[in-house]
Amino acid sequence: MDRGRNFIKGQIELAVHRRAMHKSSMVKKDLVAASSTPLILLILQGGESYGYEIIQRVRELSDDELQWTDGMLYPVLHRLEKEGKIKSTWRVSETGRKRKYYSLKGAGVKALKEERRQWDAVNSTLGKLWGESYV
């Protein structure tokens, strides 16, 4: 038998691919979009951050299930800033590069509470339907 292969009922199944395919089934785009605002607000609640750092934090927290791009993140950041929920400041980073840092404003804290209320309602409803309890 070839290394990395399993033979099942006359078919060749690559064990490596089976695992990779399962992991690559990331969260659907519409759910990623719906969760972007609360995720950004929550990350900024922990302190100011810049775009690439936010993208990496989401990827890390989601175990690579949520893979954001610049094209997805920056429109949301700009919308949140326009709505007065976050603010941005250009500064020179430790590496000497100019970066735009984002931080939460008072309106963002209030919006985050409302986002939490809405996600709790959805989560609770799904939990009841699935017969499970989520905290």
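Values quoted throughout were computed directly from the atomic coordinates according to the rules given, and no laboratory measurement underlies them. Computed from a predicted structure; not experimentally measured.
Computed quantities for the displayed model
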item	result
Relative contact order, percent, the stretch 27-130 [alpha-carbon distance under 8 Å, six or more residues apart]	28
Members of K82/K113; K82/K105; K87/K110; K29/K98; K28/K82 lying beyond 23 Å, as alpha-carbon distances in this model show	K29/K98; K28/K82
Share of alpha-carbon pairs per 10 Å distance bin for the stretch 27-130, given as whole %	14, 44, 32, 8, 2, 0
Amide H partners (placed H, <5 Å) of I86, local residues excluded	E81, K105
